[in-house]
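S.K.: Below is a structure I'd like to ask you about.
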Amino acid sequence: MISVFENRAPKVLFILGFFICFSLISVRVVGQVSPAVFACDATKDRKVVHYGFCNASLGRDARVADLVRRLTLQEKILNIVNGAGNISRLGIPKYEWWSEALHGVSNIGPGTNFSSLVPGATSFPQVILTAASFNTSLFEAIGKVVSMEARAMYNVGLAGLTFWSPNVNIFRDPRWGRGQETPGEDPLLSSKYGSSYVKGLQQPDDNADPSRLKVAACCKHYTAYDLDNWKGVDRYHFNAVVTQQDMDDTFDPPFKSCVVDGNVASVMCSYNQVNGKPTCADPHLLAGVIRGQWKLNGYIVSDCDSVEVFFDDQHYTKTPEQAAAKAILAGLDLNCGSFLGQHTAAAVKKGLLKESDIDNAITNNFATLMRLGFFDGDPRKQPYGKLGPKDVCTAENQELARDAARQGIVLLKNTAGSLPLSPAAIKTLAVIGPNANVTKTMIGNYEGIPCKYTTPLQGLTALVATKYLLGCSNVTCGNAQVKEAKKLAATADATVLVMGIDQSLERESFDRVDLRLPGQQPLLIKEVAKVAKGPVILVIMSGGGFDISFAKHNDKVTSILWVGYPGEAGGAAIADVIFGYYNPSGRLPMTWYPQSYLEKVPMTNMNMRPDPSKGYPGRTYRFYTGETIYSFGHGLSYSKFSHKIVKAPQTVSIPLDDDHVCRHSLDCNSVEAVEQLCKKSVTFDIHLRVQNKARHGGSHSVLLFVTPPSVHNSPRKHLIGFEKISLKGKSGTLMRFKVDVCKDLSVVDELGRRKIALGQYVLHVGNFKHTLSLRIRR
């Protein structure tokens, strides 16, 4: 056993990445560099100094109004599509709204390119793995780095300022090909991830003017979107039938948090219909909820071509002009695609729209660009004007990518004496598997060009002597090299099997139909384990989970790690964990189901809650009643942590007005969490003692769950708080969770109303439970 457990890694592995030549995938790279795109350039046209919209001393509303009143109808229409046209007479250049930054600056979307000047950007782990860290400060730190690199690229004409990230859809079904892009299945974790990442992207470094934006983020895809293409059902034709209860307690909370807590600059509506209406044509969802209830300060954009989709594919309207009018009147401000550019003028001519309706849309769009400084002249004279290529792919940024992967990696299984391995004791390490020496697989989808790659094989080889075998020609593994793999494992001091899948088996527009490892991967794992001389460590690279019960219950498979798609430094991070330079602390952000789950649950059934009469077991840890392979929140450590609630109330009373019906009735099982009650701010503290009983230090994610009274089909349990802490060996700490009764303990009833259930609650932290009673103050 290795005695080095501090969260650090050998310098040789860090240096390795700077000197290894990598074969980068051929993607769009431009050679020529243009200066940043911006309006109100007085060096090109002196007239702009007399325009109110170019006068930074005026209020933002006045500037936007001045610009809108100067535009013709056709010029206005140029600015409700992602490829906004130039208005040369006013000194306004064309602008591309579509850029992506899911886990690093990406060149998916026409707004961003790489060049010889900036050949790559820091590629962080795919979101599902970062979420497994349960670390809100990490979420925000990554956002800050991504926005800094984005601004640096904007300044040399390689990127825009509007980035359509993050994806905060709930990972409802394990087959979903885009689950990898999300923070997982839990509404609170997804909400915290979304609002934290948005703050990191958007908030100015100096916080001098919080209304300004560093870059503009966008939370997508609103709403109930989590099916791409499953057994002939695709997102362009799917009607998600969702109860109001599920909408309000599962699908909508992450978007609400993006807007209310993160002050996100944009929300994107999705392709699918919800209860018979396309989301991008639903005035209740767009104008009513996003802008009306949540008070979005920004613009609403369609997913790409989704307006065309609800006309051409869903046949929601009879004419394209009707479709254009439906979208704009519903509250859509910007169309990713050309549909509104082609049909809006005709919609106005036919009386389906007023020009003032278009004014409303472009007002929201221009206000966002104003907040970004687009109309303030030369960006070199503004905040962030000194950023440039030197600020992209810095050593600090790349180290954060490596640390993010380490924090997220989940140790699913560990037999005593297996991990961590000792570099001194391992003379030969067998490294086997189709994902053992991959590069692009590690960065998932919506990727950019990374600064560099360190593959798992390279990371491990930097520490010990390795012998490598591909094992399968690709992840489908039609014909495994079983004989060769067994021979290698039989003579090695330890064996690392790097298995899993890649974008060929889970991606946008491609959902899975199986929860088993593909092809002969299980055969290869079992046969290698039978003959291996030393410990067998199974490493699974994937976005979604698997039924790996065969490995979980196989004593010869001594350790299992899930590493998501770990980003550009993934191989270094994996090696750090395997050899004990980092003590694993990740926890699963989604449930791993058995293969039998697929037989009971069609992907098209949106219901979260179980229906025993139909043999339907429900979805996610909050409602699912069946067996699991690994549960949400599961994750082991090389240390042993214990939890104890040392101070918490036994009873909590809530005040009600004298004339409230429940004040004098014993029949009420819940009270409505109305604004009047919640303003009274009923809160209490939970004090915990967390101890590291091992001699080795490490990080630990503390998750606080609650099981509410069984009313209104409430969740079996749900997460109400989490925090990542670090403890030295044989040490402990006191920590506190503040619980807000309205916010944290309330449930949603069958009609979508938020209620506070009366009765007994059970708080869960690790294996420790505490019971409290919630009652009316009389």
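The values are calculated or read from the model by the stated rules, or taken from the named source; none is laboratory data. Bear in mind that the values here come from a model prediction, so they are computed numbers and not experimental data. Every residue, glycine among them, receives a Cβ derived from its backbone with ideal geometry; neighbour counts consider all protein chains shown. Accessible surface areas use protein heavy atoms only, side chains included; no ligands, DNA or RNA. Shrake-Rupley method; radii C 1.70, N 1.55, O 1.52, S 1.80 Å.
S.K.: As an exercise: evaluate Pro649 against (1) open to solvent by 40 Å² or more (accessible area, probe 1.4 Å); (2) modelled with pLDDT of 95 or more and give the number of the one condition it does not meet.
M.R.: Of everything listed in (1) open to solvent by 40 Å² or more (accessible area, probe 1.4 Å); (2) modelled with pLDDT of 95 or more, Pro649 misses just condition (1).
S.K.: Does Ser422 fit the bill of being open to solvent by 10 Å² or more (accessible area, probe 1.4 Å), at pLDDT 95 or above and farther than 29 Å from His696 by Cβ?
M.R.: Taking the combined requirement at face value, the residue does not satisfy it.
S.K.: Still on this model: Any residue that is within 22 Å of Ser191 (Cα to Cα), open to solvent by less than 10 Å² (accessible area, probe 1.4 Å) and in contact with a Leu (Cβ under 8 Å, 6 or more places away or on another chain) - is there at least one of those in segment 324-337?
M.R.: no
S.K.: Going through Gly586, Gly571 one at a time, which residue ends up being within 26 Å of the chain's Cα centre (by Cα), over 22 Å from Pro423 (Cα atoms) and at pLDDT 95 or above?
M.R.: Only one candidate passes the filter, namely Gly586.
S.K.: Given the options Tyr446, Tyr468, name the one that is of a type outside the set (A, V, I, L, M), closer than 26 Å to Arg175 by Cβ, open to solvent by 20 Å² or more (accessible area, probe 1.4 Å) and not assigned by the TED database to the domain that holds Met153.
M.R.: Exactly one of Tyr446, Tyr468 is of a type outside the set (A, V, I, L, M), closer than 26 Å to Arg175 by Cβ, open to solvent by 20 Å² or more (accessible area, probe 1.4 Å) and not assigned by the TED database to the domain that holds Met153, namely Tyr446.
S.K.: Do we have any residue at all in segment 523-531 that's open to solvent by less than 10 Å² (accessible area, probe 1.4 Å) and acidic (Asp, Glu)?
M.R.: The answer is no, given that none of the residues of segment 523-531 is open to solvent by less than 10 Å² (accessible area, probe 1.4 Å) and acidic (Asp, Glu).
S.K.: Select from segment 241-282 the residues that are over 21 Å from the mean Cα position of the chain (by Cα) and assigned to a strand (DSSP E or B) and write down the one among them that is farthest from Phe311 (Cα to Cα).
M.R.: Taking the candidates together, the pick is Val274.
S.K.: Sort through Asp61, Asp41 and tell me the only one that's over 32 Å from the mean Cα position of the chain (by Cα), modelled with pLDDT of 95 or more, loosely packed, with under 15 Cβ neighbours inside 10 Å and of a type in the set (Asp, Glu).
M.R.: Asp61
S.K.: Give segment 722-752 a look and list any residue that's surrounded by fewer than 19 Cβ atoms within 10 Å (Cβ to Cβ) and either within 23 Å of Val674 (Cα to Cα) or within 26 Å of the chain's Cα centre (by Cα) (or both), or say none.
M.R.: Of everything in segment 722-752, those that are surrounded by fewer than 19 Cβ atoms within 10 Å (Cβ to Cβ) and either within 23 Å of Val674 (Cα to Cα) or within 26 Å of the chain's Cα centre (by Cα) (or both) turn out to be Glu723, Lys724, Ile725, Ser726, Lys738, Asp740, Lys743, Asp744, Glu750, Leu751, Gly752.
S.K.: Shifting gears a bit: Output yes when any residue across segment 658-668 is in contact with a Leu (Cβ under 8 Å, 6 or more places away or on another chain) and buried (at least 18 other Cβ atoms within 10 Å of the Cβ), and no when none is. Working first, answer last.
M.R.: Within segment 658-668, the subset in contact with a Leu (Cβ under 8 Å, 6 or more places away or on another chain) is 662-663, 668.
Now drop any that are not buried (at least 18 other Cβ atoms within 10 Å of the Cβ), which leaves none.
Checking segment 658-668: not a single residue is in contact with a Leu (Cβ under 8 Å, 6 or more places away or on another chain) and buried (at least 18 other Cβ atoms within 10 Å of the Cβ).
S.K.: Provide a single number: the residues in segment 198-208 that are in contact with a Pro (Cβ under 9 Å, 6 or more places away or on another chain) and part of a loop (DSSP other than H, G, I, E, B).
M.R.: Residues that pass the stated criteria total 5.
S.K.: Any idea which of (1) assigned to a helix (DSSP H, G or I); (2) within 23 Å of Asp555 (Cβ to Cβ) is the one Leu400 doesn't satisfy?
M.R.: Answer for Leu400: the failing condition is (2).
S.K.: Here is a follow-up. Could you please give the count of residues in segment 504-514 that are in contact with a strand residue (DSSP E or B) (Cβ under 8 Å, 6 or more places away or on another chain) and surrounded by fewer than 24 Cβ atoms within 10 Å (Cβ to Cβ)?
M.R.: Number satisfying all stated conditions: 3.
S.K.: Follow-up. Residues to consider are Asp226, Asp209, Asp173; find the one that is within 26 Å of Gly337 (Cβ to Cβ) and assigned by the TED database to the domain that holds Asn365.
M.R.: On the way: Asp209 fails: within 26 Å of Gly337 (Cβ to Cβ); Asp173 fails: within 26 Å of Gly337 (Cβ to Cβ).
One residue alone meets the criteria, Asp226.
S.K.: Let me confirm something: among His634, His643, which residue is over 30 Å from Arg516 (Cβ atoms), at pLDDT 95 or above, open to solvent by 20 Å² or more (accessible area, probe 1.4 Å) and not polar (S, T, N, Q)?
M.R.: His643
S.K.: Could you list, in sequence order, all residues of segment 349-367 that are over 25 Å from Lys214 (Cα atoms), surrounded by fewer than 21 Cβ atoms within 10 Å (Cβ to Cβ) and in contact (Cβ under 8 Å) with a residue 60 or more places away in the chain?
M.R.: Glu355, Asp359
S.K.: What is the residue count in segment 753-770 for residues that are loosely packed, with under 14 Cβ neighbours inside 10 Å and in contact (Cβ under 8 Å) with a residue 60 or more places away in the chain?
M.R.: Going through segment 753-770 one residue at a time, the tally reaches 3.
S.K.: Could I ask something else about it? For residues that are under 24 Å from Asn607 (Cβ atoms) and touching a strand residue (DSSP E or B) at 6+ places or on another chain (Cβ under 6 Å), tally how many sit in segment 246-275.
M.R.: 8
S.K.: Out of the residues in segment 155-166 that are crowded, with 24+ Cβ neighbours inside 10 Å and not in a loop (DSSP other than H, G, I, E, B), which is farthest from the chain's Cα centre (by Cα)? Outline the logic, then answer.
M.R.: The initial filter retains those residues of segment 155-166 that are crowded, with 24+ Cβ neighbours inside 10 Å, namely 158-166.
Next, from what is left, pick out any that are not in a loop (DSSP other than H, G, I, E, B): 162-163.
Working: Thr162: 18, Phe163: 14 Å.
Per the criteria, the residue is Thr162.
S.K.: Tell me, which helices (runs of 4 or more DSSP H) lie completely within segment 284-371 with 1 or more residues that are within 30 Å of Pro204 (Cα to Cα), over 25 Å from the mean Cα position of the chain (by Cα) and among the aliphatic types (A, V, I, L, M)? Can you show your working first?
M.R.: Details: elements: 306-312, 320-330, 339-349, 355-371.
Output list reads 355-371.
S.K.: Looking at segment 368-381, which of its residues are open to solvent by less than 30 Å² (accessible area, probe 1.4 Å) and out of contact with any Pro (no Cβ under 7 Å at 6 or more places or on another chain)?
M.R.: Within segment 368-381, Thr368, Leu369, Met370, Arg371, Leu372, Phe374, Phe375, Gly377, Pro379 qualify.
S.K.: Looking at segment 93-124 only, could you name the residues that are closer than 24 Å to Asn364 by Cβ, touching a Cys at 6+ places or on another chain (Cβ under 8 Å) and among the aliphatic types (A, V, I, L, M)?
M.R.: Passing the criteria: none in range.
S.K.: Of the residues Arg695, Arg716, Arg775, which is among the basic types (Lys, Arg), under 30 Å from Asp611 (Cβ atoms) and open to solvent by 20 Å² or more (accessible area, probe 1.4 Å)?
M.R.: On the way: Arg695 fails: under 30 Å from Asp611 (Cβ atoms); Arg775 fails: under 30 Å from Asp611 (Cβ atoms).
Answer to the check: Arg716.
S.K.: Report, by residue number, each residue of segment 614-641 that is more than 26 Å from Gly697 (Cβ to Cβ) and part of a strand (DSSP E or B).
M.R.: Passing the criteria: only Tyr616.
S.K.: Tell me whether segment 595-602 contains one or more residues that are over 26 Å from Leu727 (Cα atoms), in a loop (DSSP other than H, G, I, E, B) and in contact with a Ser or Thr (Cβ under 9 Å, 6 or more places away or on another chain).
M.R.: yes
S.K.: Looking only at segment 177-197, count every residue that is under 10 Å from Ala131 (Cα atoms) and either assigned to a loop (DSSP other than H, G, I, E, B) or out of contact with any helix residue (DSSP H, G or I) (no Cβ under 8 Å at 6 or more places or on another chain) (or both) and tell me the total.
M.R.: 3
S.K.: Which condition does Ala405 not pass, out of (1) part of a loop (DSSP other than H, G, I, E, B); (2) buried (at least 24 other Cβ atoms within 10 Å of the Cβ), if it passes all the others?
M.R.: (1)
S.K.: Where the second residue is assigned to a helix (DSSP H, G or I) and of a type in the set (Lys, Arg) and the first is farther than 17 Å from Ser585 by Cβ and outside the structural domain of Ser701 (by the TED database) and lies in segment 135-149, which pairs have Cβ atoms under 6 Å and are six or more apart or on separate chains?
M.R.: Glu140/Lys199
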